[in-house]
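Inspection log for the structure reproduced underneath, given as structure tokens.
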Ligand code: CDP
Ligand code: MG
């Protein structure tokens, strides 16, 4: 049954008056671009209009860049439609398919549709494909664009709709054969923009949270009623800011300063891409009379989530963004300044229901120096999985693939090199049978490689599946902010530490979690993230399924033990998990078949490590001081102060990823032996010559004029690399 109140809400959306016009346009044209202000109703309404007016249409696919959006929108739309989620309307995201044979409208991530296109380039189940939030320009969306253009050539009867915020419209239309565009006029009120008097964005990186909280307090005391949206960069920032604002507000009240001329109370909400924060319906509700609502949000509030009632926007000027690090050949999440287009979008959030104000924490000059548009992700990410999928789709010449904005050829070359090192492609760039097998997994190719070698070479796939599942889930260690709790958390962590490092530690944690019956309280007491573990449990089942279906055996390397005795001695020693029931060697060897690419060697005299990859680096580790120093992450079992192992006993490490704090930290590291990877290292020598050499990188970098580069580890590393290569 359709709720009349919801029906009314639907009719009040800015898109509603254009309903017939939209239906007519879709009837007439098979390629169409529709733009409109965020919140006008594109995502929730247009697919329903099609559902209601095109009875012959079998299946409509709507892609979203964010998993969380696909889920919550599908939920909202099935409510509006009066059906159960998963019936007529459902969603598909990686590892979670909530659709049935009855489903006619499927919200999905762009990644899921991309994988479908891999096996069925005609997308023959669909009559309509809607690429939503196209302005976000994720790698998946961009590749999808290229593929859809090919699909359209094969199936001109397929209807393709591109939906986007009011940005870059001509580009989409040009790409799709200069197709017509349609704009839904939104209701936009005037937004007064206030720049900070003199703060340069380059100097704000360490202070923007404080300044954002100060500005929030200022608004609370000085400005007329209206809710406040604050753009920060990530969960940690946001949680800190929420706490700080609440504390400061209490302090104000106590010290009896002139407090809140207009508004007395406040409610403060975090908003980032996790289910808990999105499901807090209160974020979307009007606060009680006389109360001001503050929402501290990531970029998710810039275009994909609309919070009604916002009158004030505080823009930190920063965003957390995936960026490629040529030093490690991996993507890292970095906090970087936003673009002018993003700043305009953010400010616009203040003018949805009435005139508003935007406070920018940076000066006008910094705004003028920002990039005009956000650089599409494809032009700044490692492309490894994307290039592998493209190869699987039979696209040989990736450099000449029909991209709406082609990626940097250097990054494509780099991805090809890594795939060659993973033995997924041969020296002529053709997919190998191993590479072909790797595409069965919806995972980073490194992890797919490890899964295959554990099943085919090292007979430990049962354990590797667990480790890979843990690596695919979110961070398992919960880090409390409170110092006392921090100590308890550290102690709790220690009981899982394995002397070989973090991969075995992850296995220990998973096994202990299973032994306790997947108990949430057990996790809480040990400061383990229950959600991460339950995701890992679910992912594990799915990976096992995929392996079994593809003839990869699940084999355990569990030791034949006279278990009771061993268990008892282990319990007597405090280091219960330090040695496990498993022989770590095959497990680590499997990991090393891919992660030899992330091999690091200890400095002969100092407690740091160096990336040991290319032939050049390997000979110069001892002498070349310009190489980036890598440190072991403090949460690692191998971190010297955790006293599981002595740093002198660590010569060779493999690491899962690098994160940058004030130094480069290796996350998830394990000790290996060089002779395990010696043979593989020769692949580095066989690497086909790359198209661009270091000197060209150097020229490109020095031509850029960006005042952030000094503080930006990626740029700094690039310079170091360029200098080293010159
Ligand atoms: O796609 P677009 O930004 O144009 O708008 P939309 O996502 O379709 O949102 C239309 C309205 O639905 C907004 O006012 C949202 O607040 C509301 N909405 C909601 O209540 N719950 C959701 N999960 C998504 C949207
Ligand atoms: Mg939308």
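Values computed for the structure shown
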{"quantity": "Relative contact order (%) - the chain, alpha-carbon pairs under 8 angstrom, separation at least six", "calculated": "10"}
{"quantity": "Inter-site label distance for residue 2 and residue 495 at 7 Å from Cα along Cβ, in nm", "calculated": "5.6"}
{"quantity": "Using a Förster distance of 25 Å, the FRET efficiency for residue 606-residue 371 (Cβ separation, nearest 0.05)", "calculated": "0.05"}
{"quantity": "Förster radius 45 Å - calculated FRET efficiency between residue 239 and residue 549, Cβ distance, rounded to 0.05", "calculated": "0.65"}
{"quantity": "Gained length - residue 534 relative to residue 340, 0.36 nm times residue gap less alpha-carbon distance", "calculated": "65.8 nm"}
{"quantity": "Protection proxy ranking of 368-377, 667-676 - average other beta-carbon atoms within 10 Å, highest first", "calculated": "667-676, 368-377"}
{"quantity": "Modelled FRET efficiency - R0 22 Å, residue 53 with residue 87, Cβ distances, 0.05 increments", "calculated": "0.65"}
{"quantity": "Antiparallel %, DSSP beta bridges [both residues in the chain], to 5", "calculated": "35"}
{"quantity": "Protection proxy ranking, peptides 312-318, 89-95, average beta carbon neighbours within 10 Å, highest first", "calculated": "312-318, 89-95"}
{"quantity": "Paramagnetic reach from residue 487 (point 7 Å along Cα→Cβ, amide N under 18 Å) across the stretch 637-675", "calculated": "641-643"}
{"quantity": "Taking the stretch 488-543 and dividing mean pair separation by its residue count, relative contact order in percent (alpha carbons under 8 Å, at least six apart)", "calculated": "28"}
{"quantity": "Overall form of the stretch 420-494 per C-alpha gyration tensor (a/c, 1.5; a/b vs b/c)", "calculated": "prolate"}
{"quantity": "Contact order normalised by residue count of the stretch 455-514, Cα under 8 Å, 6+ apart, percent", "calculated": "33"}
{"quantity": "Span per principal axis, largest first, for the Cα atoms of the chain (Å)", "calculated": "71, 71, 58"}
{"quantity": "On Cα atoms only, tilt of 19-28 relative to the major axis of the chain in degrees", "calculated": "60"}
{"quantity": "Peptide ranges 39-50, 633-644 listed from the most packed, as the mean C-beta count within 10 angstrom indicates", "calculated": "39-50, 633-644"}
{"quantity": "Label-point separation in nm, residue 432 to residue 647, each point 7 Å along Cα→Cβ", "calculated": "3.7"}
{"quantity": "Additional length obtainable on full extension of the chain from residue 149 to residue 559, 0.36 nm per residue less Cα span", "calculated": "142.3 nm"}
{"quantity": "C-alpha center-to-center spacing [the stretch 50-103, the stretch 453-468] in angstrom", "calculated": "35"}
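Bear in mind these aren't lab numbers, they're just calculated from the coordinates by the rules spelled out. No experiment lies behind these values; they were computed from the predicted model shown. FYI the Cβ positions are ideal-geometry reconstructions off the backbone, even for glycines, and counts take in every protein chain you see.
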